[in-house]
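What follows is calculated from the coordinates using simple rules that are stated; it is not laboratory data. Since the model is a prediction, treat every value here as computed from it, not as a measurement. Note: ideal-geometry Cβ built from the backbone for every residue, glycine included; neighbour counts use all protein chains shown.
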Amino acid sequence: MSSPFLEAVSLSCERDWRLLFEKLDLSLLPGQMLQVAGPNGSGKTSLLRLLAGLMQPTAGEVRLSGRPLREQRAELARNLLWIGHAAGIKGLLTAEENLAWLCALHRPASREAIWQALAAVGLRGFEDVPCHTLSAGQQRRVALARLYLEAPPLWILDEPFTALDRHGVAQLEAHLSAHCTGGGMVVLTTHHSLTERPAGYHELDLGQRAA
Amino acid sequence: MNWTWFHKLGSPKWFYEIGGRWLPWFGWAAAILLLVGTVWGLAFAPQDYQQGNSFRIIYIHVPAAFLAQSIYVMLAAAGLVGLVWKMKLADVALQQAAPIGAWMSFIALLTGAVWGKPTWGAWWVWDARLTSMLILLFLYFGIIALGQAISNRDSAAKACAVLAIVGVVNIPIIKYSVEWWNTLHQPATFKITEKPAMPAEMWLPLLVMVLGFYCFFAAVLIMRMRLEVLRREARASWAKAEVRALVEKHA
Amino acid sequence: MSFSSFSDFFAMGNHGLYVWTAYGVSLAVLGLNLALPLVARRRYLQDEARRLRREENK
Amino acid sequence: MSNVFALLFRREARLLCRRPAELANPLVFFAIVIALFPLAVGPESQLLQSISPGLVWVAALLAVLLSLDGLFRSDFEDGSLEQWVVSPHPLALLVLAKVLAHWVFSGLALVLLAPLLGLMLGLPASTLPVLLLSLLLGTPVLSLLGAVGAALTVGLKRGGLLLALLILPLYIPVLILGSGALQAALQGLPAAGHLLWLASLTALSVTLTPFAIAAGLTISVGE
């Protein structure tokens with residue numbers, strides 16, 4: 001049997017002497033979407049950061065294709081798109097400059113592709129506007145435009161719906177769902193319940209585990 | 001090669017038990033060696049033909065200076081082990097040894113200054129060794145301050161490890177540049193700790209004192225580490241049982 | 001013995017002040033290093049004892 | 001890979017140019033500190049000249065340190081560092097580009113300003129090449145070592161003073177060699193030896209510190 005693409009084995013996370021979760025197991029196969037739910041402070045962001053390899057677990061391990069993450073850094077970097085709570089957007093740079101750099105870190109994108117992606121998130125005409133003049137929702141859209149460029153299979157998104165309007169939320173939900181249907185994987189945290197769920201959707205409630 | 005012993009070494013429970021068994025040995029060795037060395041150095045070693053009796057300060061100045069330097073190297077080694085093999089015990093060792101190292105450099109500095117008064121006629125002289133020791137003390141302060149400032153325990157240990165490693169690479173450079181600076185500015189004065197051919201009656205007590213200081217360090221480090229291990233493992237069942245037993249014994 | 005009398009020993013040939021200061025302060029620092037972990041341990045055990053009592057009373 | 005290096009360098013350069021005030025602050029600080037000394041010790045040119053090597057170097061050292069406090073802070077807060085860490089490129093290479101860009105825009109300006117301040121302190125014109133060269137070789141070391149401290153303290157709310165505490169002791173060899181070179185030049189002695197030592201420190205820090213900076217950033221991001 002082939003091992004899942006991403007899995008967590010008996011994962012524990014402790015922050016400042018407080019145990020957020022322990023002995024957590026999860027696995028993610030192509031086509032699946034995992035929504036991590038739970039109240040504030042239940043360790044949602046920490047779990048995502050552990051899966052993205054940004055943090056080290058207190059105990060247990062994260063595996064990529066059956067092998068420990070720390071041996072698979074390059075493999076993970078090739079397959080992962082991470083958008084954290086702060087998305088790495090510089091206010092002093094324009095939307096296009098920001099995207100060009102974030103893409104260059106993984107796989108360089110042409111100017112046309114970037115413009116198309118910006119158009120796809122409804123930012124046509126904002127390409128050369130410094131991001132600090134954009135609204136919070138628009139800045140979030142700039143970050144999310146990365147999802148419309150040639151993107152790696154695994155997306156880990158921390159609160160991607162923050163500051164988006166209703167239309168933006170619906171569009172993003174559809175896009176995430178389409179990504180999973182096409183064999184991609186999404187791990188995300190959000191407080192609202194998704195209306196559009198792909199076939200491989202499942203939910204992990206950290207709040208219930210603790211209780 | 002069999003590495004199980006190495007990983008066992010990293011187990012907090014194992015360390016707690018073994019440390020408890022070693023502690024009295026180190027403690028008694030330190031007490032005896034320090035007592036013998038002090039009496040020998042103060043009362044029986046011959047006086048120095050140039051410096052007279054003030055030279056007896058060497059029996060604490062040199063061991064403390066030795067120890068202060070060794071502890072810094074040990075910090076870096078522990079840091080490396082902690083970073084590479086993710087051994088939690090190395091993190092504990094690093095953070096518990098740093099204050100002891102700072103105190104040892106303090107002793108070395110203070111005794112150096114007190115010694116300087118009768119030798120040079122001033123409480124503080126910018127001698128190469130004293131200056132290097134002062135810088136070492138600052139390096140210790142840096143590590144302690146960084147460890148206190150970062151609230152996350154694991155990050156604090158890792159950050160201190162990186163700093164200690166950077167520091168240990170720098171120490172030889174600092175030492176040589178300070179020595180070179182010193183010869184440039186005050187050519188070859190009388191050096192207090194470099195005695196040409198010290199007679200055995202003089203260096204034997206010194207050796208005893210050096211050993212005593214090392215044993216003292218080992219004992220204090222084990223004490224500090226055992227407490228810290230107990231704190232960190234407070235959730236483990238063996239630690240709970242141990243704390244309960246200790247509490248009952250004291251009550 | 002390199003001193004003929006106790007007063008000689010204490011005087012240290014006019015350097016008594018320096019030698020005894022150095023030894024005294026060093027002894028104090030070593031003592032402090034020894035005392036700090038002992039005190040910390042006692043305090044920790046007292047805290048734990050209090051916590052255990054609290055839990056038993058619950 | 002070298003492509004990313006150039007791209008990051010360009011991006012950092014662009015960012016620095018769009019905030020010119022931040023570039024100017026260390027320079028102004030440098031000038032003010034130098035100006036304080038004649039006011040504090042008196043305007044006798046003999047005295048000023050004799051202490052000027054140390055003075056210029058201490059002031060330059062503090063100015064570099066001050067400018068480094070915020071080196072990674074904005075990248076940390078807006079999530080850029082996370083993107084660097086999850087990228088397939090070696091973090092050491094990225095930080096080297098970042099520090100290099102920072103040095104080109106703030107360190108180099110400091111080096112160019114120094115002869116002017118040296119003249120004000122009464123340094124003879126013949127020593128100015130040595131001043132320039134020693135700073136040119138020494139400030140990259142200051143920037144790189146300081147970046148290690150900046151990386152370790154980036155996650156802390158008030159890291160500025162702590163940064164100074166961590167890094168200033170490590171600056172001592174550069175200070176000794178740099179001011180030593182200038183002092184030698186002032187006394188009409190050859191300064192090539194000092195400068196060669198400084199150059200080897202520069203080479204050493206360019207090769208080693210990026211890894212320490214990368215390790216520091218990984219730790220700070222993983223907190």
Next item on the list: Assuming a ≥ b ≥ c are the square roots of the Cα gyration tensor eigenvalues, decide whether region B:1-137 counts as rounded (a/c under 1.5), prolate (otherwise, with a/b larger than b/c) or oblate.
Entry: oblate
Item checked: Inter-site label distance for B:Asp48 and A:His192 at 7 Å from Cα along Cβ, in nm -> 8.0 nm
Check: When we measure straight from the Cα of D:Lys157, which lysines land under 28 angstrom away, once same-chain ones fewer than 8 places off are left out?
Finding: A:Lys44, A:Lys90, B:Lys86, B:Lys88, B:Lys158, D:Lys98
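Round to the nearest 0.05 the FRET efficiency obtained for A:His85 and D:Arg73 when R0 = 25 Å and r is the Cβ-Cβ distance. Walk me through the numbers on the way to the answer.
On the way: r = 17 Å, r/R0 = 0.67.
The calculated FRET efficiency here is 0.90.
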Next item on the list: Using only Cα atoms, find the angle between the long axis of helix D:91-102 and the longest principal axis of chain D, and express it within 0 to 90 degrees, rounded to the nearest 10.
Entry: 40 degrees
Note to self: In the protein assembly as shown, if the dipole is taken from +1 on Lys/Arg beta carbons and -1 on Asp/Glu beta carbons about the Cα centre, which of B:Gly19, D:Pro26, B:Ala102 is farthest to the positive end?
What the structure shows: B:Gly19
Next item on the list: Would you mind working out the magnitude of the charge dipole of the protein assembly as shown relative to its Cα centre, with +1 at each Lys and Arg C-beta and -1 at each Asp and Glu C-beta, to the nearest 20 Debye?
Entry: 1200 debye
Notebook entry, point to check: What angle do you read, to the nearest 10 degrees and between 0 and 90, between the alpha-carbon axis of helix D:45-68 and the longest principal axis of chain D?
Noted result: 10 degrees
Item checked: Choice from B:Ala241, B:Ala31, B:Ala113 showing the highest fluctuation, given a GNM over chain B with Cα pairs closer than 10 Å -> B:Ala241
Notebook entry, point to check: Full extension from D:Ser200 to D:Met120: what is 0.36 nm times the residue separation minus their Cα-Cα distance, to one decimal in nm?
Noted result: 25.8 nm
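Divide by every residue of chain D the summed helix terms, -39500 (n - 2.57) for each DSSP H run of at least 4, and state the resulting mean residue ellipticity at 222 nm, rounded to the nearest 500 deg cm²/dmol.
-26500 deg cm²/dmol
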Item checked: Acute angle (nearest 10 degrees) that the helix B:237-250 long axis makes with the longest principal axis of chain B, alpha-carbon atoms -> 70 degrees
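Tell me whether region A:113-156 comes out rounded, prolate or oblate; compute the Cα gyration tensor, take square roots of the eigenvalues as a ≥ b ≥ c, and use a/c under 1.5 as the rounded threshold. Don't jump to the answer; show the numbers that get you there.
Numbers: a/c = 2.65, a/b = 1.56, b/c = 1.70.
Oblate, because a/c is 1.5 or more while a/b does not exceed b/c.
Just how large is the dipole of chain B about the Cα centre, in debye to the nearest 20, putting +1 at every Lys and Arg Cβ and -1 at every Asp and Glu Cβ?
780 debye
Within region B:15-122, report the trypsin sites (Lys or Arg not before Pro) that DSSP leaves as loop and that have at most 13 other Cβ atoms within 10 Å.
Counting only loop positions with at most 13 other Cβ atoms within 10 Å, none of the trypsin sites (Lys or Arg not before Pro) in region B:15-122 qualifies.
What trypsin sites (Lys or Arg not before Pro) does region D:79-187 have in DSSP loop regions with at most 12 other beta carbons within 10 Å?
When the trypsin sites (Lys or Arg not before Pro) of region D:79-187 are filtered for loop state and at most 12 Cβ neighbours within 10 Å, D:Lys157, D:Arg158 remain.
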Next item on the list: Hey, could you get me the Stokes-Einstein D for region D:44-198, Kirkwood radius over alpha-carbon pairs, 20 °C and 1.002 mPa s, rounded to whole µm² s⁻¹?
Entry: 130 µm²/s
Margin query: Suppose each label sits 7 Å from its Cα in the direction of the beta carbon; what would the C:Ser2-A:Arg70 distance come out to in nanometres?
Written below: 5.3 nm
Next item on the list: Pop the C-beta distance of C:Leu34 and B:Lys86 into the FRET formula with R0 = 35 Å and round what comes out to the nearest 0.05.
Entry: 0.65
Notebook entry, point to check: ³J(HN,Hα) across region A:79-88 via Karplus (A = 6.51, B = -1.76, C = 1.60, θ = phi - 60°), whole Hz, x for Gly/Pro?
Noted result: 9, 10, 10, 10, 10, x, 4, 9, 9, x
Notebook entry, point to check: Amide H to amide H under 5 Å from A:Leu20: which residues, 5+ apart in sequence or cross-chain, H placed 1.01 Å off N in plane?
Noted result: A:Cys13, A:Glu14, A:Arg15
Note to self: If I model a spin label as a point 7 Å beyond the Cα along the Cα-Cβ vector, how far apart are those points for A:Ser3 and D:Phe9 in nm?
What the structure shows: 4.0 nm
Next item on the list: Subtracting the Cα-Cα distance from 0.36 nm times the residue separation, let me have the gained length for B:Val169 to B:Met198 in nm, one decimal.
Entry: 7.3 nm
Check: Which residue fluctuates the most in chain D, going by a Gaussian network model with Cα springs under 10 Å, if the choices are D:Pro173, D:Pro115, D:Pro43?
Finding: D:Pro43
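Once you charge only the Cβ atoms, +1 for Lys and Arg and -1 for Asp and Glu, what is the size of the charge dipole of chain A about its Cα centre, to the nearest 20 debye?
180 debye
Can you sort A:His202, D:His102 from fewest to most other Cβ atoms within 10 Å of each residue's own Cβ?
The order, fewest Cβ neighbours first, is A:His202, D:His102.
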Check: Which whole-Hz ³J(HN,Hα) couplings does region A:67-77 yield from phi under the Karplus relation 6.51 cos²θ - 1.76 cosθ + 1.60, θ = phi - 60°, glycine and proline marked x?
Finding: 10, x, 4, 5, 8, 10, 4, 5, 4, 4, 4
Check: So if R0 is 56 Å, what FRET efficiency would A:Ser27 and D:Ser45 give, r being the distance between their Cβ atoms, rounded to the nearest 0.05?
Finding: 0.15
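Hey, got a sec? Which trypsin sites (Lys or Arg not before Pro) in region A:122-211 land in a DSSP loop and have at most 15 other Cβ atoms within 10 Å? Each step should come with its number before you reach the end.
Numbers: sites: A:Arg124, A:Arg140, A:Arg141, A:Arg146, A:Arg166, A:Arg209; in loops: A:Arg124.
Filter output for region A:122-211: A:Arg124.
Dividing the convex hull volume of the alpha carbon atoms of the protein assembly as shown by its residue count, what do you get in Å³ per residue?
Numbers: hull volume 152.7 nm³, N = 743.
Hull volume normalised by residue count: 206 Å³.
Classify region A:47-86 as rounded, prolate or oblate from the Cα gyration tensor: take a ≥ b ≥ c as the square roots of its eigenvalues, call it rounded if a/c is under 1.5, otherwise prolate when a/b beats b/c and oblate if not.
Cα axes put region A:47-86 in the oblate bin.
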Margin query: Could you compute Rg(Cα) / (2.2 N^0.38 Å) for region B:14-245, with N its residue count?
Written below: 1.13
Check: For A:Arg111 and A:Thr181 in one chain, what is 0.36 nm times their gap in residues minus the Cα-Cα distance, to one decimal in nm?
Finding: 22.4 nm
Note to self: Between B:Pro205, B:Pro12, B:Pro118, where does the largest GNM mean-square fluctuation fall for chain B, given springs only between Cα atoms within less than 10 Å?
What the structure shows: B:Pro118
